[in-house]
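Enquirer: The structure that follows is given in the form of structure tokens.
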Amino acid sequence: MSSLLEVKDLVAGYQTRDVLKEIQLRVDEQMFIGILGPNGSGKSTFLQVLARSLKSTSGSVLLNGNELDTIPFKEFGKKVGYVPQENSIPFSYTVRDIVMMGRNPHIPRFRAPGSDDERAVNEALKLTGVCEFADRSITSLSGGERQRVLIARALAQQVDILLLDEPFAHIDLHHQYELISQIQNSVRGKKAVIGVFHDINLAAAYCDHLLLLSDGVVRAFGSPHDVLTTENLEEVFNINPYIGENPVTGAPFVFVMGEKRTEKANLEMIVLISGAGSGACLMTALKRSGYLVRCGVLSEQDTDFLVAKNLGLEVISEPPFSRISLEHEEELAVLISKADRVIVTSMPVGWGNYPNLKVLERMEIERVILYLPEPESHILDCTGGAATVLLNHLIERGACKAHTINEVVSLLEMGRGSDGDI
Ligand code: ADP
Ligand code: MG
């Protein structure tokens, strides 16, 4: 059976040069594909070819097995709707008139719109939240409102494939959520949607497939988890990404930590002893600053463990709710003996992770930094006092204290920290 849409060896561009190079893609019913890529990578060019606004140089695009060029425009208009990136409409049509234009492919020549058309238009006006503007001129609307009208026009068209080029660029969060939910519903009703998205996290949360374009070439196509990898994002966007998981949707979550890093030689090695999320921001900041961070013993479900793993840090870990084993205590002691600095956070300490603090008794104190954010400035002692005794002993011996991440980084940069508080 032929796919809804099939793109084979597609090459396309403008007079001066080819932008898209040998693109392949199969689109089936119920796919919601998000196209991602840097500026100028060819995303809009690709949608223009699919919408027949731009002719390809070579290759083919098949809609239900038929070459696009062979399909009469009116027929095509019943199958494919397109919301372009630029939405300037110079003429003073009313909003209702613009949305009714979406019905043109369905209205026979020399006939007025029928009740089906009126119904489709009213529904689209409602779904996009523009009913109250229906009789106003499109030129009197804000950019975001105008964008919603153009989405309404495409919805009124009742097509099989919806092409959206950065549809939410000017749209507020509430309407963005409503529209993307509507679009997702229309996909469940057997349609397909191909959208260019600026916001990687929005695309990851809603699209079932992502297509990553880089310089006119498909760098990756697949599920958000398969496409949004460190390697892909580093290469395509030239960034140093943190890829976590959105706890609400289960989709990947991308945060840009900085520019793509080239590995530095002779990095200082820092061992971070933390837990319960008390070290997550710090380990991110240290990695961004180029330090080689290793994590002391963490429980495998701990927030710090998950963040460390997402950052690609080496971690000594124990299964949830187990005490640190003698073996791991020893491994940590060996790691600490090789570290340039050890940072201890204001983590909760119980008998299970007490050895994390105990091993520091054997360490040269000048290399220890206690990261104790205000206002508590102490660890959460769940050992009945033993952990506090250890911590106070570290302070008495002269461990450096820092209360903010910036203070920790300054201490590290100073080489050898001052004694006492920074
Ligand atoms: P994207 O949507 O990914 O930001 P585009 O598809 O709009 O990128 O553009 C891809 C490349 O084609 C860019 O280098 C852009 O400058 C060029 N380009 C876009 N439109 C035209 C045009 N009408 N004439 C010539 N070059 C164009
Ligand atoms: Mg574009």
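Values quoted throughout were computed directly from the atomic coordinates according to the rules given, and no laboratory measurement underlies them. This structure is a prediction, so every number in the text was calculated from the model and none was measured. Quick reminder, even Gly has a Cβ in these numbers, built from the backbone with ideal geometry, and neighbours come from all protein chains shown.
Enquirer: For segment 124-261, what is the Kirkwood hydrodynamic radius in Å, using each pair of distinct C-alpha atoms?
Expert: Values: mean 1/r = 0.0610 Å⁻¹.
It works out to 16.4 Å.
Enquirer: Taking the Cα centre of segment 11-107 as origin and charging only Cβ (+1 Lys, Arg; -1 Asp, Glu), how large is the dipole, in debye to the nearest 20?
Expert: 160 debye
Enquirer: Between GLU364 and SER223, 0.36 nm times their residue separation minus their Cα-Cα distance comes to what?
Expert: In short, 45.9 nm is gained.
Enquirer: Moving on to the next point. Residues of segment 23-43 with backbone nitrogen within less than 16 Å of a virtual label 7 Å along the Cα-to-Cβ line of SER60, please, listed as ranges.
Expert: Within reach of a label on SER60: 23-27.
Enquirer: Cα-based Rg of segment 19-98 per 2.2 N^0.38 Å, rounded to two decimals?
Expert: 1.25
Enquirer: Additional query: As an exercise, find the ratio Rg/Rh for segment 314-379 from alpha-carbon atoms, using the Kirkwood inverse-distance average for Rh.
Expert: Using Cα coordinates only, the ratio equals 0.96.
Enquirer: Sticking with the crude label model, points 7 Å out along Cα→Cβ, report the distance from SER137 to LYS338 in nm, one decimal please.
Expert: The two pseudo-label positions are separated by 7.3 nm.
Enquirer: What are the principal axis extents of the Cα atoms in segment 251-396, in Å, biggest first?
Expert: 45, 36, 35
Enquirer: If the cut-off is a Cα-Cα distance under 17 Å, which lysines reach LYS43, setting aside same-chain residues fewer than 8 apart in sequence?
Expert: Counting by Cα, and skipping residues close in sequence, LYS43 has these lysines nearby: LYS8, LYS21, LYS55.
Enquirer: In addition: Restrict the search to segment 115-216; then list the trypsin sites (Lys or Arg not before Pro) that DSSP places in a loop and that have at most 14 other Cβ atoms within 10 Å of their Cβ. List each step's numbers first, then the result.
Expert: Values: sites: ARG119, LYS126, ARG136, ARG146, ARG148, ARG153, ARG188, LYS190, LYS191; in loops: ARG136, LYS190, LYS191.
Sites meeting the loop and neighbour criteria: LYS190.
Enquirer: For q values of 0.17, 0.24, 0.25, 0.27 Å⁻¹, compute log₁₀ I(q)/I(0) with the Debye formula on a Cα-only model of segment 265-318, without solvent.
Expert: For segment 265-318, the Cα-only Debye profile gives -0.42, -0.82, -0.89, -1.03.
Enquirer: Dipole of segment 3-129 (Lys/Arg Cβ +1, Asp/Glu Cβ -1, origin at the Cα centre): which of PHE91, ALA120, PHE46 lies farthest to the positive side?
Expert: Going by the charge dipole, the pick is PHE91.
Enquirer: Counting chymotrypsin sites (Phe, Trp or Tyr not before Pro) as exposed when in a DSSP loop with at most 10 other beta carbons within 10 Å, what is the longest stretch of the chain free of them?
Expert: No qualifying site falls inside 111-320, the longest such stretch.
Enquirer: With N set to the number of residues, divide the alpha-carbon radius of gyration of the chain by 2.2 N^0.38 Å and report two decimals.
Expert: 1.30
Enquirer: Fully extended, how many nm does the chain gain between LYS190 and GLU118 (0.36 nm per residue separation, minus their Cα-Cα distance)? List each step's numbers first, then the result.
Expert: On the way: separation 72, 0.36 × 72 = 25.92 nm, distance 2.30 nm.
Between LYS190 and GLU118, full extension yields 23.6 nm more.
Enquirer: Okay, moving on. Given the Cα-Cα distance of GLU67 and ASP9 and 0.36 nm per residue of separation, how much length would full extension add, in nm?
Expert: 19.5 nm
Enquirer: Which semi-axes, in whole Å and largest first, does the equivalent ellipsoid of segment 42-164 have when worked out from the alpha carbon gyration tensor as the square roots of 5 times its eigenvalues? Could the numbers behind the result be given before it?
Expert: Numbers: eigenvalues 135, 65, 26 Å².
Working from the Cα gyration tensor, I get semi-axes of 26, 18, 11 Å.
Enquirer: Relative to the Cα centre, what is the charge dipole magnitude of segment 111-161, using +1 at the beta carbon of each Lys and Arg, -1 at the beta carbon of each Asp and Glu, and rounding to the nearest 20 debye?
Expert: Here segment 111-161 has a charge dipole of around 160 debye.
Enquirer: Which residues' amide hydrogens lie under 5 Å from the amide hydrogen of ASN240, considering only partners 5 or more residues apart or on another chain, with H built in the peptide plane?
Expert: Amide H to amide H, under 5 Å and 5 or more residues apart or across chains, ASN240 pairs with MET257, GLY258, GLU259, LYS260.
Enquirer: Just how large is the dipole of the chain about the Cα centre, in debye to the nearest 20, putting +1 at every Lys and Arg Cβ and -1 at every Asp and Glu Cβ?
Expert: Magnitude of the dipole: close to 1580 debye.
Enquirer: Go through segment 1-75 and name the trypsin sites (Lys or Arg not before Pro) that are in a DSSP coil and have 14 or fewer other Cβ atoms within 10 Å of their Cβ.
Expert: Within segment 1-75, the qualifying trypsin sites (Lys or Arg not before Pro) (loop, at most 14 other Cβ atoms within 10 Å) are LYS55.
Enquirer: Need one number: nm distance between label points at ASP199 and ARG323, each 7 Å from Cα along Cα→Cβ, rounded to one decimal.
Expert: Taking the two extended label points, one gets 4.9 nm.
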